[in-house]
Structures are given as C-alpha cells and as structure tokens.
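Enquirer: Sending over a structure as structure tokens; questions will come in a sec.
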Amino acid sequence: MSHDFPAVEELNHLPEYERRELIEDLVVKEFRNALFMTDHEEFALDVGFFDLGLTSLRLSEVKLSLERKLGREISTAALFGHPTAGQLIDHLCA
C-alpha cells in the first residue's frame, strides 16, 4: 500500500478498477493506523469495525480522515449501514 493518494479531481478521472484499488488501499491504511496494526498484519475486510476492536471515537477519527483525503462527506448512517471495511469500500466506490 505504497500509493501516494491522488487529488480528488484526479481520482475521479481514473478508470474504475484503479480508483477502487486506491480507495481500498486508503481505507485499509486508515483502519490499520486506527488499530495500531503494521502493514504485515492481515486486515480482514469482512469483519465489523467494532469486532476489529475499534471504538466509536476511533471510528469517528477514521471517518474524518477519509473525508479529508477523499474530499467528500461520509454520513454516519452510511458508516453504520456499511459496518465492514469491504462494505464501506463498496459504498465509496459506488
């Protein structure tokens, strides 16, 4: 996950598969940071945020960081409606 994250306007012009890959890398990186995980530890895309060990506060911090980097709002309803990293990635790529 060594991608430098492109500017929002560049992200929107990428082919869908590249955009998805970059968004997935970003989301996983943010969750790993919040969970104090290394790049070598496996991160499960299909496990719920709270089952991974996140608190509401840490999840809010991840949400704010993703919003800043993606240049768009992620509603709390969307976050709780997509309670795994994989589901959130799908939502962000839709």
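The values are calculated or read from the model by the stated rules, or taken from the named source; none is laboratory data. As the structure is a prediction and not an experimental result, all values here were calculated from the model. Methodologically, a virtual Cβ is constructed for each residue, glycine included, from the backbone with ideal geometry; neighbour enumeration extends over all protein chains shown. When the accessible area is computed, the model is the full protein with side chains, heavy atoms only, and any ligands, DNA or RNA have been set aside. Shrake-Rupley method; radii C 1.70, N 1.55, O 1.52, S 1.80 Å.
Enquirer: Counting other Cβ atoms within 10 Å, keep those with at most 14, restrict to DSSP loop, and tell me which trypsin sites (Lys or Arg not before Pro) in the range 36-94 are left.
Expert: 72
Enquirer: Share of the chain's accessible area from carbon and sulfur, percent, 1.4 Å? Don't skip to the answer; put the middle values down first.
Expert: Working: 2940 of 5770 Å².
After summing per-atom areas, the C and S share lands at 51 percent.
Enquirer: Is it possible to state the helix-based mean residue ellipticity at 222 nm for the chain, with each DSSP H run of 4+ residues giving -39500 (n - 2.57), the sum divided by total residues, to the nearest 500 deg cm²/dmol? What is it? Don't jump to the answer; show the numbers that get you there.
Expert: On the way: 6 runs with 59 residues, N = 94.
Calculated mean residue ellipticity at 222 nm is -18500 deg cm²/dmol.
Enquirer: In addition: Just flag the chymotrypsin sites (Phe, Trp or Tyr not before Pro) in the range 17-94 sitting in loop per DSSP whose Cβ has no more than 11 other Cβ atoms within 10 Å.
Expert: Values: sites: 17, 31, 36, 43, 49, 50, 80; in loops: 36, 43.
Loop-located and lightly packed - 36.
Enquirer: By how many nm would the segment from residue 16 to residue 91 grow when fully extended, if each residue of separation counts as 0.36 nm and the alpha-carbon distance is taken off? Mind showing how you got there, number by number?
Expert: On the way: separation 75, 0.36 × 75 = 27.00 nm, distance 1.34 nm.
Stretched fully, the residue 16-residue 91 segment lengthens by 25.7 nm.
Enquirer: Another question, if that's okay. For the chain, go through all pairs of different Cα atoms, get the mean of 1/r, take its inverse, and jot down that Kirkwood value in Å.
Expert: Numbers: mean 1/r = 0.0743 Å⁻¹.
Its Kirkwood hydrodynamic radius stands at 13.5 Å.
Enquirer: Taking the range 28-74, which GluC sites (Glu not before Pro) meet the DSSP loop condition and have no more than 13 other C-beta atoms within 10 Å? Could you put the intermediate results ahead of the total?
Expert: Working: sites: 30, 41, 42, 61, 67, 73; in loops: 41, 42, 73.
Of the GluC sites (Glu not before Pro), the ones in loops of the range 28-74 whose Cβ has at most 13 other Cβ atoms within 10 Å are 41, 42, 73.
Enquirer: Not counting ligands, DNA or RNA, and with a 1.4 Å probe, what is residue 11's accessible surface area in Å² rounded to the nearest 10?
Expert: Its accessible surface works out to 10 Å², give or take rounding.
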